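Laboratory data are not the source of any read-out in this text; all were calculated from the coordinates shown. Quick caveat: nothing in here was measured; it's all calculated off a predicted structure. Backbone-built Cβ (ideal geometry, glycine too); neighbour counts: all protein chains shown.
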């Protein structure tokens with residue numbers, strides 16, 4: 001169970017279960033108190049009437065015969081004082097004291113007669129009290145269990161919807177909830193599925209558009225490259241060739257990203273000498289690069305050498321263009337790490353990953369933002385991981401972690 005699932009502040013299931021339990025407690029308590037109060041009032045009223053009838057009968061017998069019936073006493077000093085005062089004022093009264101109920105009525109000559117009997121409501125009310133507590137407790141437990149079941153089902157459906165939404169946000173655009181039913185949760189799942197489908201269609205349309213534009217530009221660009229080659233060696237001609245070359249690189253990068261996103265390229269796995277490939281890539285690019293070899297560097301790895309060269313080349317180009325010397329490359333067990341001493345990656349890039357045409361912070365220079373995007377896509381195609389972070393010294397670090405199998 002994940003932390004937080006039992007936290008009332010974070011778990012809907014716990015909040016719903018607690019709400020149902022609290023409601024059932026309040027409802028059971030209210031019903032129990034009401035039933036007890038009404039029953040107590042009725043029983044006490046009936047017992048008082050019965051006791052008053054007994055003392056009236058006793059007074060009548062005494063007045064006619066002068067005899068005190070069994071259970072009655074004349075001028076009983078053990079009778080409750082409030083009752084004796086009421087009788088002294090010529091009133092008929094009843095008085096409940098603890099487990100007994102008393103009644104008294106005046107007699108001629110300033111006397112009074114009293115009857116005291118056990119209160120018949122005591123045992124009945126005690127039994128009713130225990131019954132209410134037991135039945136109320138069972139009702140609270142059953143209502144709480146039902147609330148937990150309902151809340152668990154609701155929470156499970158919402159967590160499933162949230163998991164699918166997270167998968168869609170992570171790029172798995174074909175993930176769907178496929179909720180059944182007609183309640184609000186099912187409608188929410190249907191809305192998320194519709195949103196994911198619309199998002200997938202929009203992204204696919206944008207990818208097709210980018211790929212089509214890049215393809216359409218290749219033909220006139222080839223003509224520009226050929227025309228530029230016919231120009232002389234003057235500076236304006238060199239500038240034209242440089243700009244055409246940059247445009248050609250941009251279009252090829254766009255086409256490569258399109259192929260990677262659509263899975264249009266196949267892996268060509270073979271044993272690769274990781275250290276030799278790194279040295280040849282560094283040599284082909286030129287520039288000052290410090291190579292460090294770890295003690296546990298593997299002699300070979302099973303991978304696609306063309307993709308590895310592309311990734312390493314892009315990382316070196318990014319360090320050279322946006323970072324600062326010294327640029328270092330570490331080769332160790334299934335890992336190639338490129339570091340520079342520049343201002344480091346912007347936090348937005350570290351948080352969201354490489355995004356085409358977003359160059360990051362201005363202090364890291366300008367560019368199209370395609371180099372790291374291609375490197376990350378190529379790494380994903382290899383089953384590898386591209387880790388971007390900033391070093392403690394403030395520079396940028398890009399590590400390619402290759403799978404062991």
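For the pair residue 200 and residue 172, the difference between a 0.36 nm per residue extended length and the Cα-Cα distance amounts to 9.2 nm. With a Förster radius of 30 Å applied to the C-beta separation of residue 141 and residue 12, the computed FRET efficiency comes to 0.90.
Residues of segment 136-159 with the amide nitrogen closer than 12 Å to a label point 7 Å from the Cα of residue 31, along Cα-to-Cβ, please. Label zone hits: 136-143. Summary of packing: across the peptides 379-385, 195-201, the per-residue average of other C-beta atoms within 10 Å ranks them, highest first, as 379-385, 195-201. Of the peptides 234-240, 107-113, the ranking by mean beta-carbon count within 10 Å, highest at the top, reads 107-113, 234-240. Computed from label points 7 Å out along Cα-Cβ, the spacing between residue 233 and residue 92 is 13.9 nm. Look at the alpha carbon pairs under 8 Å that are at least 6 residues apart: their mean separation over the length of the chain gives a relative contact order of 10 percent. The Cα atoms of segment 12-142 give a gyration tensor whose axes a ≥ b ≥ c have a/c of 1.5 or more with a/b greater than b/c, which makes the shape prolate.
Calculate the FRET efficiency for residue 75 and residue 150 from the Cβ-Cβ distance with a Förster distance of 56 Å, rounded to the nearest 0.05. Plugging the Cβ-Cβ distance into 1/(1 + (r/R0)^6) gives 0.25. Per-residue extension of 0.36 nm, minus the Cα-Cα distance of residue 218 and residue 350, leaves a gain of 44.2 nm for this segment. Judged by the ratio a/c of the largest to the smallest principal axis of the C-alpha gyration tensor, segment 270-401 counts as prolate, that ratio being 1.5 or greater while a/b is larger than b/c. Rounded, prolate or oblate: which fits segment 59-113, taking a ≥ b ≥ c as square roots of the Cα gyration tensor eigenvalues, rounded meaning a/c under 1.5, else prolate when a/b beats b/c? Oblate, because a/c is 1.5 or more while a/b does not exceed b/c. Placing a label point 7 Å from the Cα of residue 389 along the Cα-to-Cβ direction, none of the residues of segment 313-332 has a backbone N under 13 Å of that point. Sorting the segments 175-181, 130-136 by their mean number of nearby beta carbons within 10 angstrom, highest to lowest, gives 175-181, 130-136. When 1/r is averaged over all different Cα pairs and the result inverted, which Kirkwood radius in Å belongs to the chain? After inverting the mean inverse Cα-Cα distance, the result is 30.4 Å. To the nearest 0.05, what FRET efficiency results for residue 285 and residue 188 with a Förster distance of 41 Å applied to their C-beta separation? Efficiency at R0 = 41 Å is approximately 0.20. Helical runs assigned H by DSSP (4 residues or longer) give the chain a calculated mean residue ellipticity at 222 nm of -20500 deg cm²/dmol, each run adding -39500 (n - 2.57) before division by the residue total.
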